[in-house]
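One structure below.
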Amino acid sequence: MEQQVFGGEHQSGRIARPVWTAMKRGILGRCPKCGEGKLFRGFTKTVETCSVCGEEIHHHRADDLPAYLVIVIVGHIVLGAFMGVEATSTLSTWQHIAIWVPLTILLSIALLQPVKGAVIGLQWAFYMHGFGGEKDGTESHHGA
């Protein structure tokens, strides 16, 4: 269900939050609200609240979406590059393995945190999963 923005407000009456700005802040590992506080306290572990503006982050529901997106992104990059190299060279199977396996692993690790940050920024911008101040109904799921 798409919410359209008219005059800076969602049809729900809430003030529109800047989607691309929030996602960019998340990609950079910053709070989607203020852009100053850190979003992560570990590699993919988010902070409970922003240390600068106090925005609660703990209730986000990024779940497996960042990993799926990273698989799609890395798959397209590696497969395209592999096909280009295969069409223009005569590398052995072992040379291909030596190139593409480490590249796949490194790209996956490098993209996981920025993609998760972007997903959290998107959720914040659209008031999803507790970012609008209401209970999401999934709060009990976090205790398990």
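The values are calculated or read from the model by the stated rules, or taken from the named source; none is laboratory data. As the structure is a prediction and not an experimental result, all values here were calculated from the model. For neighbour counting, all protein chains shown are included, and Cβ atoms are generated from backbone atoms with ideal geometry for every residue, glycine included.
Number of residues in region 51-73 that are more than 17 Å from the chain's Cα centre (by Cα) and on the phi > 0 side of the Ramachandran plot equals 1. Restricting the search to helices (runs of 4 or more DSSP H) fully inside region 45-144 and requiring at least 2 residues that are closer than 22 Å to Val19 by Cβ and at pLDDT 95 or above gives 65-88, 93-125. Residues in region 75-97 that are within 26 Å of Val115 (Cβ to Cβ) and exposed (fewer than 11 other Cβ atoms within 10 Å of the Cβ): His76, Gly80, Met83, Gly84.
Results for (1) in contact (Cβ under 8 Å) with a residue 24 or more places away in the chain; (2) under 20 Å from Leu28 (Cβ atoms); (3) surrounded by 13 or more Cβ atoms within 10 Å (Cβ to Cβ), shown as yes or no for each residue.
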| site | (1), (2), (3) |
| --- | --- |
| Glu55 | yes, yes, yes |
| Ala62 | yes, yes, yes |
| Tyr68 | no, no, no |
| Ile73 | yes, yes, yes |
| Ile99 | no, no, yes |
| Leu103 | yes, no, yes |
| Pro114 | yes, yes, yes |
| Leu122 | yes, yes, yes |
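Taking region 31-62 as the range and being within 12 Å of Phe131 (Cα to Cα), of a type outside the set (A, V, I, L, M) and in contact with a Cys (Cβ under 7 Å, 6 or more places away or on another chain) as the test, the residues that pass are Lys33, Glu55. For Gly8, the requirement of being within 14 Å of Trp124 (Cα to Cα) and either modelled with pLDDT under 90 or surrounded by 14 or more Cβ atoms within 10 Å (Cβ to Cβ) (or both) is not met.
Of all residues in region 74-94, those satisfying the criterion of being within 29 Å of the chain's Cα centre (by Cα) and farther than 13 Å from Leu107 by Cβ are Met83, Gly84.
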